[in-house]
Amino acid sequence: MKKTLLFMLLPLLCILLQAQETVVIDGVTFSVDRKTLIDYPEDKVDEEYVVPEGTEVIARVAFSNQNLHKITLPLSLREVGCQAMSYCSQLTTVMWGIFPQRVSESLFDGSPIQKFQTQDTSPNCIAIDGILFSPDKKTLLLYPSAKSNKQYIVPEGIETILAGAFYCAQVHEFVLPSTLKEIGNYAFKGCAAGSVVWKRFPEKRGHGIFDDTHINTFDVAGDDCNCISCEGVLYSKNKKRLLLVPTNYYMAYEYGGVPEGVEIIGYKAFESTNYIFDLPLPSSLKCIEDSAFYVASKVPTKASFEDFEEFGDYRHLYTIYCKAPIPPTIIGDPFIRVRQMKLEVPEESFDLYCKAPVWKDFRTINGVRASIVTMDNEKTTVSWTNQTIHIKGEKTISEVKLYSPGGVLIGSKTISRPSDSFNVDQTTEKILIVEIIYGDMTKELLKLHKNR
């Protein structure tokens, strides 16, 4: 009876505790110090609301009202939480007193914002044609998501497009300025654009700038542009560096993959692409930069949910077909979870890839499971003559294992010396995978051809 009574009282106690920490002003709930706006009632009928001066934070999902047409924000505002003014079906205008230090990119999800305004005393933002800029007009702060445009030309002089600036913007083509130096995280996420025209490829790009978009082509304009467009893909002017692939572009196996002549696949080059799962890489390739293949995620399944949790909107490719005879240099982590990917390389380059940093970590190389720690021990030699494998070196070997090309264990032998022989007269294979385990527990993996 006492336990039942306690459970019945718990919700009431929670309400009482919350009441002690909050205050209600004109139906709107604030923290007791009145610095955080916590909740604006869904059924409040006012068409305009002025957030009181002194408010520093608008909490997550604070507004979700069907009657508001305009909200005025105070000069004291410092932070606006995720979806703070989302799904306000009539909200078309927001007046800013100040642009806060922290703003979520999904601030106005589902709200039909058509224009921004600023107060005369706004210290760090101005509104031009309903769009929010810094006073020096070097930073584009925020574009109203429901302001529909067939084309929007970002003004010359803009150097930075802020994080989430064009989030879900109803613009079908963007023209970016020659002055552009930086694009912030998720700047164009969810926008309606099918094409982007570049006058300059910026030095800095944040994460997921084109996440959840369906961009079919990139074009360039201007004689001074530092990049070129070839079949809708951005390259350096000499076409040796692949800069960026549109999110809806097909560069899969059946389409030939990355073209010959490309030597570098740039930072985030394939980020957020939707339709690339298996990708051929050219024989000319020399380097792959960090995050190059952070491609767009599918809806997570039970098998892939761990990947989704760790990498958010990104997934790994399934298979890489690298034609380069020498393993390209890897900078950072281009692939995501490389141990779940398959790698196909020229047969004569198999051993090189098995020892190369990052490449050796693929799940399989040419169908062979190669996810074993490798070491470069130049003083160990292995040969296969007739039906005997000979191993000779200076370092003590504790065990040798033989695998078929498909990764099936054929046999193993325990030894405790630097050299030994291994009889393989029972196998019909002409190629074997040899795993050498040394006394210090380091391992070496190599592919061995008969009569090699």
(message) Name the residue that is farthest from residue 445 (Cα to Cα), counting only residues in region 387-410 that are surrounded by fewer than 14 Cβ atoms within 10 Å (Cβ to Cβ) and either in contact (Cβ under 8 Å) with a residue 60 or more places away in the chain or among the β-branched types (Val, Ile, Thr) (or both).
(response) 388
(request) Quick one: which residue in 130, 157, 97 is surrounded by fewer than 17 Cβ atoms within 10 Å (Cβ to Cβ), out of contact with any helix residue (DSSP H, G or I) (no Cβ under 9 Å at 6 or more places or on another chain) and in the same structural domain as residue 40 (by TED's automatic domain parsing)? (result) 130
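Of everything in region 177-191, what is within 22 Å of the chain's Cα centre (by Cα) and more than 17 Å from residue 249 (Cβ to Cβ)? Give them in sequence order. Before the answer, list the steps.
The first filter runs over region 177-191 and keeps only residues within 22 Å of the chain's Cα centre (by Cα), leaving 180-191.
180, 181, 182, 183, 184, 185, 186, 187, 189, 190 - these are the residues of region 177-191 that are within 22 Å of the chain's Cα centre (by Cα) and more than 17 Å from residue 249 (Cβ to Cβ).
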(message) I'd like the full set of residues that are under 15 Å from residue 227 (Cα atoms), among the aromatic types (Phe, Trp, Tyr) and in a loop (DSSP other than H, G, I, E, B), limited to region 166-214.
(response) 201
(message) The conditions are (1) under 19 Å from residue 151 (Cα atoms); (2) among the hydrophobic types (A, V, I, L, M, F, W, C); (3) surrounded by fewer than 18 Cβ atoms within 10 Å (Cβ to Cβ), and residue 209 fails exactly one of them. Which is it?
(response) (3)
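Residue-wise test of (1) of a type outside the set (Asp, Glu); (2) surrounded by 11 or more Cβ atoms within 10 Å (Cβ to Cβ).
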position	(1), (2)
412	yes, yes
418	yes, yes
430	yes, yes
434	yes, yes
441	yes, no
444	no, yes
(message) Being within 11 Å of residue 200 (Cα to Cα), among the hydrophobic types (A, V, I, L, M, F, W, C) and in a loop (DSSP other than H, G, I, E, B) is the filter here; which residues of region 216-253 pass it?
(response) 221, 225
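Among the residues of region 13-23, is there at least one that is of a type in the set (Asp, Glu), in a helix (DSSP H, G or I) and either modelled with pLDDT under 95 or crowded, with 17+ Cβ neighbours inside 10 Å (or both)? Reasoning before the result, please.
Keep residues of region 13-23 that are of a type in the set (Asp, Glu), which gives 21.
The next check asks that each one be in a helix (DSSP H, G or I); those that pass are 21.
Imposing the further condition that a residue be either modelled with pLDDT under 95 or crowded, with 17+ Cβ neighbours inside 10 Å (or both) reduces the set to 21.
Within region 13-23 (the criterion being of a type in the set (Asp, Glu), in a helix (DSSP H, G or I) and either modelled with pLDDT under 95 or crowded, with 17+ Cβ neighbours inside 10 Å (or both)), the answer is yes, since at least one residue qualifies.
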(request) Considering (1) modelled with pLDDT under 85; (2) crowded, with 19+ Cβ neighbours inside 10 Å; (3) in contact with a strand residue (DSSP E or B) (Cβ under 7 Å, 6 or more places away or on another chain); (4) over 18 Å from residue 244 (Cβ atoms), say which one residue 316 fails and leave the rest. (result) (3)
(message) Being part of a strand (DSSP E or B) and either in contact (Cβ under 8 Å) with a residue 24 or more places away in the chain or within 27 Å of residue 55 (Cα to Cα) (or both) is the requirement here; does residue 107 meet it?
(response) no
(request) Scan (1) more than 34 Å from the chain's Cα centre (by Cα); (2) assigned to a loop (DSSP other than H, G, I, E, B) for the single condition residue 29 breaks and write down its number. (result) (2)
(request) Could you please let me know if residue 279 is at pLDDT 80 or above, under 21 Å from residue 332 (Cβ atoms) and in contact with a helix residue (DSSP H, G or I) (Cβ under 8 Å, 6 or more places away or on another chain)? (result) yes
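Would you check if residue 113 is surrounded by fewer than 16 Cβ atoms within 10 Å (Cβ to Cβ), on the phi < 0 side of the Ramachandran plot and of a type outside the set (D, E, K, R)?
Working: surrounded by fewer than 16 Cβ atoms within 10 Å (Cβ to Cβ): no; on the phi < 0 side of the Ramachandran plot: yes; of a type outside the set (D, E, K, R): yes.
No; evaluated as a whole, the condition is false for this residue.
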(request) Among the residues of region 214-231, write down those that are small (Gly, Ala, Ser), at pLDDT 95 or above and surrounded by fewer than 17 Cβ atoms within 10 Å (Cβ to Cβ). (result) 221
(request) Take region 163-181 and flag every residue that is in contact (Cβ under 8 Å) with a residue 24 or more places away in the chain, touching a strand residue (DSSP E or B) at 6+ places or on another chain (Cβ under 8 Å) and surrounded by fewer than 18 Cβ atoms within 10 Å (Cβ to Cβ). (result) 175
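From the list 358, 382, 424, exactly one residue is farther than 15 Å from residue 442 by Cα, of a type outside the set (S, T, N, Q), at pLDDT below 85 and touching a Phe, Trp or Tyr at 6+ places or on another chain (Cβ under 8 Å). Which is it? Walk me through it before giving the result.
On the way: 358 fails: at pLDDT below 85; 382 fails: touching a Phe, Trp or Tyr at 6+ places or on another chain (Cβ under 8 Å).
It is 424.
The values are calculated or read from the model by the stated rules, or taken from the named source; none is laboratory data. These figures come from a predicted structure and were not determined experimentally. All Cβ positions, even for glycine, are placed from backbone atoms using ideal geometry, and neighbour counts span all protein chains on display.
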